[in-house]
């Protein structure tokens, strides 16, 4: 069949498909009825194959190529139910992902909490050990932030004395969630980046807590941090586990190629990253609006903080056991 | 033919040819996005200045969203294109040819951090230079690829001529070469046309104007029936 006969025979169908695609491109709501769509698409596929086999002109093949590609994008595109997906994820997906990755979560938790508790303990015995991690300037800032004499603005350094709670919320979200994302992403460097970030954060937080405890700023410091600790510290652990997942895919891909392992494992890791990000944002809310509330007695903050720890752990242990 | 086309097979058994975008257009698109973000930051900065402390908080929240989700939101909701990519006619899709979704877009954009190391996208550029599809590390992990958005081109018309039947049978590749030549003549100098047409040898020997002869044959080969009656 000559090219022009071929075009004459099918032009009308291609036009119909093109017209349908044009109305659809804008958004789903204006989408015209799709009764013919699948059939037209499959015919276009067949005609493209014929056009290629018969070596019709480049232009015709390009046009069919484009037509098939556009239609393919719609036929095989991802269906998105964002709100429903998020709800399912919170109720089921997140705790289930944490449990399915419990080995790496445990490794990340050890990498984080062992140096944290270790540093805290060591500083009680030898206060000078704090200088192995933090320098004098940082320490002075910290001391200022949690000095019982400044309890009206606890948790804020000298430059942030007058800042509002909302301002601090923005700061915590940007800073902490960003650290979480970086912890995950640096896992791509064979896990080394994640390893260092998690270890260092453990040491840093342990040193700060140890130093302030040893100075006797116990109540200002611990009653401030206890509220958001369950969310924030465990979010760091989960970001770490996600980063280690990436590193492990490259180090020990099993019977897959490294590339394939990376692609599969990064999807799994992302299931932890979503949740960790959510926890960081919740932690920022608590840290900005609840933790600095000086009118609350310290005891109630300890009780609330403890309850939140129990709730977080219970969520990971018992949450999402039933299939969604 | 040497070209950066990537073939992807669909369930219908058809190969889609995706024209993969290279380093330069992607870098320029990235620069435009940086500029746009700079403008937005400045605008927001001035706007929220009047809200004082509250404004600062809102600015930080907006900065967080812009830093991490600017590309994600555009890629998922705007057909794989950030404004910069749109300016250069490129878009991100999954490497099986389907449109990009939330997970893939998030992976490729969160892993930007690793691509950026050790400085100015060092690892990302190395990775792009080392694989056939110009994928940076984030693309490798997410299974995405940046391709040119193939804009519909104007249909090339064959130069007007009375169709001539070639003096002997031609195989399909030869027929296609002649039609392709005719389609391209408007963009070539007359001298180059004659030179190329001369290469066909026996097909045009003895004809006074080889290029015109070939165009006329192209008409006949493409099944033009107008001049034939």
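The values are calculated or read from the model by the stated rules, or taken from the named source; none is laboratory data. Predicted model only: the values in this text are computed from it and were never measured. Methodologically, a virtual Cβ is constructed for each residue, glycine included, from the backbone with ideal geometry; neighbour enumeration extends over all protein chains shown.
For the reader, a short list of remarks on this structure follows.
A quick yes/no check of all residues on (1) crowded, with 22+ Cβ neighbours inside 10 Å; (2) more than 23 Å from residue A:272 (Cα to Cα); (3) outside the structural domain of residue B:26 (by TED's automatic domain parsing):
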site: B:114; (1), (2), (3): yes, no, no
site: B:124; (1), (2), (3): yes, yes, no
site: B:130; (1), (2), (3): no, yes, no
site: B:135; (1), (2), (3): yes, yes, no
site: B:141; (1), (2), (3): yes, no, no
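- Qualifying residue in region A:155-177 (condition: over 24 Å from residue B:63 (Cβ atoms) and in contact (Cβ under 8 Å) with a residue 24 or more places away in the chain): no
- Members of region B:121-137 that are modelled with pLDDT of 90 or more and touching a strand residue (DSSP E or B) at 6+ places or on another chain (Cβ under 8 Å): B:134, B:135
- Residue A:266 within 14 Å of another protein chain (Cβ to nearest Cβ), closer than 30 Å to residue B:60 by Cα, in a helix (DSSP H, G or I) and modelled with pLDDT of 95 or more: no
- Filtering region B:165-193 to residues that are surrounded by fewer than 18 Cβ atoms within 10 Å (Cβ to Cβ), at pLDDT below 80 and within 10 Å of chain A (Cβ to nearest Cβ) leaves B:171, B:172, B:173.
- Any hit, region A:238-259, residues being part of a helix (DSSP H, G or I), in contact with a helix residue (DSSP H, G or I) (Cβ under 9 Å, 6 or more places away or on another chain) and more than 21 Å from residue A:196 (Cβ to Cβ): yes
- Helices (runs of 4 or more DSSP H) fully within region A:139-229 counting 1 or more residues that are at pLDDT 90 or above, within 14 Å of another protein chain (Cβ to nearest Cβ) and within 22 Å of residue A:244 (Cβ to Cβ): A:178-185, A:192-215
- Checking every residue in region B:148-164 against the condition of being modelled with pLDDT of 85 or more and buried (at least 16 other Cβ atoms within 10 Å of the Cβ) gives at least one match.
- Matching residues, region A:41-77, being within 7 Å of chain B (Cβ to nearest Cβ) and over 17 Å from residue A:11 (Cβ atoms): A:42, A:49, A:55, A:58, A:69, A:72, A:73, A:76, A:77
- Among the candidates B:114, B:126, residue that is without any contact (Cβ under 8 Å) to a residue 12 or more places away in the chain, under 21 Å from residue B:23 (Cα atoms) and part of a helix (DSSP H, G or I): B:126
- Considering the conditions (1) within 30 Å of residue A:66 (Cα to Cα); (2) more than 9 Å from chain A (Cβ to nearest Cβ), residue B:107 is excluded by exactly one of them, (2).
- Looking across region B:194-210 at every residue that is surrounded by 16 or more Cβ atoms within 10 Å (Cβ to Cβ) and part of a loop (DSSP other than H, G, I, E, B), the one that is modelled with the lowest pLDDT is identified as B:204.
- Output for region A:194-207, where each listed residue is farther than 18 Å from residue A:109 by Cβ and surrounded by fewer than 24 Cβ atoms within 10 Å (Cβ to Cβ): none
- The condition (being in contact (Cβ under 8 Å) with a residue 24 or more places away in the chain and either surrounded by fewer than 17 Cβ atoms within 10 Å (Cβ to Cβ) or outside the structural domain of residue A:90 (by TED's automatic domain parsing) (or both)) is satisfied by just one residue among A:322, A:258: A:322.
- Of all residues in region A:266-304, those that are within 18 Å of residue A:165 (Cβ to Cβ) and either crowded, with 20+ Cβ neighbours inside 10 Å or touching a residue at least 40 places away in the same chain (Cβ under 8 Å) (or both) total 16.
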